[in-house]
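The values are calculated or read from the model by the stated rules, or taken from the named source; none is laboratory data. Just so we're clear, the structure is a prediction, and the values are computed from it rather than from any experiment. Heads up, the Cβs are rebuilt from the backbone with ideal geometry, glycines too, and the neighbour counts pull from every protein chain shown.
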Amino acid sequence: MVVADCDRGDWLLCQITSNPYSDPQAIRVTDTDFQSGSLRVTSYARPTKLFTAHHTLISSEVGVLRDASP
């Protein structure tokens, strides 16, 4: 999941996986969380697994998440 633009073509990303790996901070992501698009299975965003990657490594967009409700 793209979190932020870090300039110079790099993006801050958050790992999304189909397994929460007993991570108490994993956030469940379902089709209802998407404004458009979807994932094939219920997945988990793992905010403790952040990394950067150059935009050339990003091959496609599968969806856009909805804004968080207050």
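Remarks
- In segment 32-49, the residues that are loosely packed, with under 13 Cβ neighbours inside 10 Å, of a type outside the set (Val, Ile, Thr) and either free of Cβ contacts under 8 Å to residues at least 12 places away in the same chain or over 15 Å from VAL62 (Cα atoms) (or both): ARG40
- Against the numbered list (1) exposed (fewer than 11 other Cβ atoms within 10 Å of the Cβ); (2) polar (S, T, N, Q); (3) within 11 Å of the chain's Cα centre (by Cα), THR17 comes up short only at (1).
- The lone exception for ARG28 - which of (1) surrounded by 11 or more Cβ atoms within 10 Å (Cβ to Cβ); (2) in contact with a Phe, Trp or Tyr (Cβ under 7 Å, 6 or more places away or on another chain); (3) at pLDDT 95 or above; (4) not hydroxyl-bearing (Ser, Thr, Tyr) it fails: (1)
- The residues of segment 28-61 that are in contact with a helix residue (DSSP H, G or I) (Cβ under 9 Å, 6 or more places away or on another chain) and β-branched (Val, Ile, Thr) amount to a single one, THR42.
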